[in-house]
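Before any comments, here is the structure.
What follows is calculated from the coordinates using simple rules that are stated; it is not laboratory data. Predicted model only: the values in this text are computed from it and were never measured. Reconstructed Cβ throughout: ideal geometry from the backbone, glycine too, with neighbour counts over all protein chains shown.
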Amino acid sequence: MFSGKIFRIRSLFTSFSPLLIIGLFVVVSAIIIYSPFIPKNINLNIGDTCIETITAPYYLEFESSQDKLINEDYIQDVKSRIGSVYSINTQINEDIIGNIDLFFDELSSNSIETFSIHITQVLSSDDLLHLKSLDKKTLSSIQFYTLSSINRLLKEGIKEKNTPAIQDDLFSSLQNHSQLTQDIMVKMVMHFIKPNLTIDLEQTNLIVAQALSSINYQKTIFKEGQPIIYESEIVQNHHIEVFQAFNIYQNKANLIPFFGILFVSMFCMLILYQFISVFYSKVHQFKFYLLILLVLLLLIFISRFCIELTILPKYALAYLLIPISISSMVLSILITPNISLLIGSLASILIAIMFDFSYDVFLFLFLSNSFTTFQIFKTFKRSELILSGYFIGAANILIIFSIGFLQGQSHFIWYGINALFAFGNGVFSSMITLAILPYLESFFKITTNQTLLELSNLNHPLLKRLMIDAPGTYQHSLMVANLAEAAADTIKANSILCRVGSYFHDIGKLKRPSFFSENQFSKDNPHDTIAPRISKMVILSHVKEGQDMALKNKLPSIIVDIILQHHGTSLLSLFFNQALSAEKDSQSVDDEFRYPGPKPQTKEAGIIMLADSIEASTRALEKPTPQKIENTINKIFKDKLDDQQLSECPLSLNEIFLIKSTFLNLFKGMSHSRLDYQKEIQKLESQSPDSKIKT
């Protein structure tokens, strides 16, 4: 029942075209990758009732409106305590001193009528006459003490003009003179004097800034997961402030990055499609596209989940949880390592975008995927897959250490925690891959080397039947397996597939084993008593019967294909010649006496066809010699090529030549005649009569 459901689901999927599933993937992957860039949005207004408890998405310190009022009071208090910084304007000082010097110059040289108008506006004629009546010594003394007082006042700085302090200072400096003289000079100086202190804004701001920097400002703090507002609570202004601080209040998504991600995803899929179409046409099938895109989409989805994780320990990197090694293992084993390398590289780009274009995410995923692909490349046993997980984990540690060095990480705990996560990534990836591989093989009808290795066990029920009921065919199959495996190794084809395919290629002979020459151990041949057409039907039927037995015993489709293709459309020449002598229409006879095919479609099927024919032909030779064997092998290769039996499999002429050379070398080794030791002993005895060699 369960297998029936799987079949129906698989049939539904295979009704779609690769381009349709690729287009669907582009859209879905772009949405998932873009989702972290979508701002969280809360549409609540003041006075609304919150329907759920909303918590802080991350740790945040911010200044609320209440905090701003408190902090503003702090600032004003600091400014008032500091006040303003003043500086002395030297130009004002020079003007004041110059005006007083000019006054005394005019006083000593001019008549009253020639005084400057701004002097006459301050001092009356009587004041001026009084000053002019003083002798030069007295005037010089007045000038000296007046300027001394003014210079002292100017150096100290004058903020306001008419202050009692200034007048008191002037009176004090002129106390040795008459009261009238003091009054006149104070009146004159107060006219010229003016504030020489101006506010130095730059220095004031600098001192204020230094003072403010030491202030511990009031801030509102939210820890990650801390409730902002509880369920059923009325939304107030301070709640809105917090939402805005977290940038989660009434935000609008920016779609420009989405289109960028969409185009990047589209280009990645275009590269994948072209790569498969050009270099791996045999993978250009819907089921392979479906597997590839499901793996890639699962990686992206898990990566999106990792971004949201909040339970990781401090310093732990979330992207170390992305199972990039699982995708590498699955695609390397089920499809090809080259596809795995490409998909891993494209996944690294797309996931790095999701992690805010992080280069360390790309580095880890890309390098880990590459190492995993090459580590798994020649893995046949399931135990080797588990062992590979430890090597991958160790490589992941080196990669994460390299990233740490690039970032200048100095915390030993950072390296310790992330090394643990990186190692676990490799080990658990191999375990998970081992667990899911059988289900993927079944659903996508893909046979892995691990499954083939299990089928190579000679205790398989079909092979045990073959050994008992058709021992000649069993031995023939073992020989074909040895030949095919060696040839496959020579041209870098799948040697384990050649061995297993050879084991099962003739299981159809179990139906009537005695009708096949390798199982005829007596001189009786059942074909001698039946017509050629009947013999033809019996021999040809072993292919179809082999297919039925393989399907019944649930052998993989790739083995079933080899059973169907290992004879191609070859001619049964023996029975054809017998029938030809009795019938004139040779063309119709030719068609009837050919295997139904199809011709070999893969390198492995082509190798097994050649190995099968050569093993059967050389075994039938009487007194085989190296030359006879070589001639037989050359003839079989020529006949197969002339009959175009290899025209549909991707074997090149150079590979066919290498296969033939391998077969020749193997048969030369097997055909060496054993040394006749008895004759050699007799020869030695005749040459040395005194010597007695006992055997």
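Using the Cβ-Cβ distance between E160 and E61 with R0 set to 41 Å, the FRET efficiency works out to roughly 0.35. Here each label is just a point 7 Å from Cα along the line to Cβ, and for Q179 and R304 those points are 10.0 nm apart.
Measuring r between the beta carbons of M537 and K635 and using R0 = 35 Å, the FRET efficiency lands at 0.85. Rg and Dmax of region 311-444, both derived from C-alpha coordinates alone, stand at 14.7, 48 Å.
In this simple spin-label model, placing a label point 7 Å from the Cα along the Cα-to-Cβ direction at both I234 and K445 gives a separation of 6.8 nm. Extending 7 Å from the Cα toward the beta-carbon at both K628 and S573 defines two label points whose distance is 1.6 nm. With Rh defined as the Kirkwood radius, the inverse of the mean 1/r over Cα pairs, the Rg/Rh of region 460-677 is 0.96. Close Lys pairs in region 86-199, defined as Cα atoms under 15 Å apart and 8 or more places apart or on different chains, number 4. May I ask which of K464/K511; K511/K635; K544/K640 have a Cα-Cα span longer than 24 Å here? Pairs exceeding the cut-off: K511/K635. With contacts taken as Cα pairs under 8 Å at a separation of at least 6 residues, the chain carries a relative contact order of 12 percent.
Excluding the sites themselves, what is the longest stretch of the chain that contains no GluC sites (Glu not before Pro) in a DSSP loop with at most 11 other C-beta atoms within 10 Å? Result, exposed sites excluded: 309-621.
When the alpha carbon gyration tensor of region 86-199 is reduced to an equivalent ellipsoid, the three semi-axes, largest first, read 24, 15, 12 Å. Dividing the Cα radius of gyration of region 258-300 by 2.2 N^0.38 Å, with N the residue count, gives 1.24.
An ellipsoid equivalent to region 141-236, defined through the eigenvalues of its Cα gyration tensor, has semi-axes of 62, 14, 10 Å when rounded to whole angstrom and sorted largest first. Matching the structure-derived P(r) over Cα pairs in 20 Å bins from 0, in percent against the labelled list (i) 12, 25, 20, 14, 11, 8, 6, 4, 1; (ii) 17, 48, 31, 4; (iii) 16, 39, 24, 15, 6, 0 gives the label (i). For chymotrypsin sites (Phe, Trp or Tyr not before Pro), the sites in region 283-367 that DSSP calls loop and that have at most 16 other Cβ atoms within 10 Å are Y315, F357. Counting 0.36 nm for each residue step from F263 to K282 and taking away their Cα separation leaves a gain of 4.1 nm. Using only Cα atoms, locate the centre of region 478-492 and the centre of region 61-93, then give the distance between them in Å, rounded to an integer. Here the answer is 91 Å between Cα centres. What separates the Cα centres of region 287-340 and region 133-149 is a distance of 99 Å.
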